[in-house]
1. When residue 25 is evaluated against the numbered criteria (1) surrounded by fewer than 19 Cβ atoms within 10 Å (Cβ to Cβ); (2) under 24 Å from residue 59 (Cβ atoms); (3) at pLDDT 90 or above, which criterion, by number, is the only one it fails?
2. Which pairs do you get when a residue that is within 14 Å of residue 39 (Cβ to Cβ), found in the range 60-71, comes within reach of a residue that is near the ligand (Cβ under 6 Å from one of its atoms) and assigned to a loop (DSSP other than H, G, I, E, B), reach meaning Cβ atoms under 6 angstrom, with the pair 6+ apart or on two chains?
3. Answer with yes or no whether residue 59 is in contact with a helix residue (DSSP H, G or I) (Cβ under 8 Å, 6 or more places away or on another chain), modelled with pLDDT of 90 or more, within 11 Å of the ligand (Cβ to nearest atom) and farther than 22 Å from residue 6 by Cβ.
4. Does residue 19 satisfy the criteria of being assigned to a strand (DSSP E or B) and under 17 Å from residue 81 (Cβ atoms)?
5. Just for the range 67-89: of the residues that are within 6 Å of the ligand (Cβ to nearest atom) and either in contact with a helix residue (DSSP H, G or I) (Cβ under 8 Å, 6 or more places away or on another chain) or assigned to a loop (DSSP other than H, G, I, E, B) (or both), which one is farthest from residue 14 (Cα to Cα)?
6. Of the residues that sit in the range 28-52 and are surrounded by 14 or more Cβ atoms within 10 Å (Cβ to Cβ) and more than 19 Å from residue 85 (Cα to Cα), which one is nearest to the ligand (Cβ to nearest atom)?
7. Do you know which residues across the range 28-56 are within 14 Å of residue 72 (Cα to Cα) and either assigned to a strand (DSSP E or B) or at pLDDT below 90 (or both)?
Ligand code: FES
């Protein structure tokens with residue numbers, strides 16, 4: 001679900017690109033953030049919390065939390081709500097980390 005023609009702001013989405021999430025192609029537009037493009041394509045689960053292994057997704061949408069962290073073009077822990085898509089971008093979910101599940105790492 002892409003909003004291509006906003007009632008107040010006018011036409012918003014031009015320049016289609018192809019991005020890859022878990023090696024699957026998705027259509028996006030250069031004006032979108034990675035998180036917005038994934039949501040528009042029906043992807044709501046961006047990864048798992050490192051310790052409790054619970055689903056994570058879009059939360060603040062403004063770069064203030066870490067809920068949308070994903071691996072983008074090989075770089076870990078990218079705030080996907082803050083970067084725009086690029087042609088051929090490779091995106092993978094942020095996965096659990098067994099190393100932080102020990103008692104020495106808080107709750
Ligand atoms: S959703 Fe909070 S930083 Fe992206």
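The values are calculated or read from the model by the stated rules, or taken from the named source; none is laboratory data. Treat the numbers as computed from the prediction; the structure is a model and nothing was measured. Please note: Cβ atoms are built from the backbone with ideal geometry, for glycine as well, and neighbour counts cover all protein chains shown.
1. Failing condition for residue 25: (2).
2. As it stands, the answer is 61/81; 67/59; 68/58; 68/81, since those pairs meet every condition given.
3. No.
4. It is true that residue 19 is assigned to a strand (DSSP E or B) and under 17 Å from residue 81 (Cβ atoms).
5. 67
6. So, considering only residues that are surrounded by 14 or more Cβ atoms within 10 Å (Cβ to Cβ) and more than 19 Å from residue 85 (Cα to Cα), the one nearest to the ligand (Cβ to nearest atom) is 49.
7. The answer is 33, 47.
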